[in-house]
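Peer 1: Structure below; questions to follow.
Where a number appears in this text, it was derived from the coordinates with a stated rule and is not lab data. Bear in mind the structure is a predicted one, so any value in this text is a computation, not a measurement. Every residue, glycine as well, gets a Cβ built from its backbone with ideal geometry; the counts of neighbours run over all protein chains shown.
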Amino acid sequence: MSYEKVTRFRSELIIGTKQTLKAIKHGAASEVFIADDAEQQITQKVEHLARASGVPCHRVDSKRKLGAACGIDVDASVAAVKQ
């Protein structure tokens, strides 16, 4: 389900850890998608900030599939939907 949702909102995505953290801090993210196979050290910051900010967090199993759903040719550890 989550990959389909990412694909549906492709034009409204923020891709990458730094950009997602910035969007959450500025209240510009409505939900976040985190790949389970990404480095926990990287994704933990995003997940913690999202939960603290009340932004729903969804887990997906593969950063490769998340990147493909985002429409990019590389893996994506984190993506967010713009508010």
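Peer 1: Using 7 Å Cα-to-Cβ label points, what is the ASP75/ALA52 separation (nm, one decimal)?
Peer 2: The two pseudo-label positions are separated by 2.7 nm.
Peer 1: Let me check I've understood the local charge: for VAL32, count other residues with C-beta under 12 angstrom from its C-beta, Lys and Arg +1, Asp and Glu -1. What total comes out?
Peer 2: With Lys, Arg at +1 and Asp, Glu at -1, the net is +3.
Peer 1: Lysines within cross-link reach of LYS45: Cα-Cα under 22 Å, excluding same-chain residues under 8 positions apart?
Peer 2: LYS18, LYS22, LYS25, LYS63, LYS65, LYS82
Peer 1: Hey, another quick one. Fully extended, how many nm does the chain gain between LYS82 and LYS25 (0.36 nm per residue separation, minus their Cα-Cα distance)?
Peer 2: Length gained between LYS82 and LYS25: 19.3 nm.
Peer 1: With Rg and the Kirkwood Rh both taken from Cα atoms, where does Rg over Rh land for the chain?
Peer 2: Looking at the chain, the ratio lands at 0.91.
Peer 1: Shifting gears a bit: For the residue pair ARG64 and ASP36, what label-to-label distance in nm results when each label sits 7 Å from Cα along the Cα-to-beta-carbon direction?
Peer 2: Spacing of the two 7 Å Cα→Cβ label points: 1.6 nm.
Peer 1: Which of the helices in the chain meet the span-like rule: DSSP H, Cα axial reach of 24 Å or more, Kyte-Doolittle mean at least -0.5?
Peer 2: none
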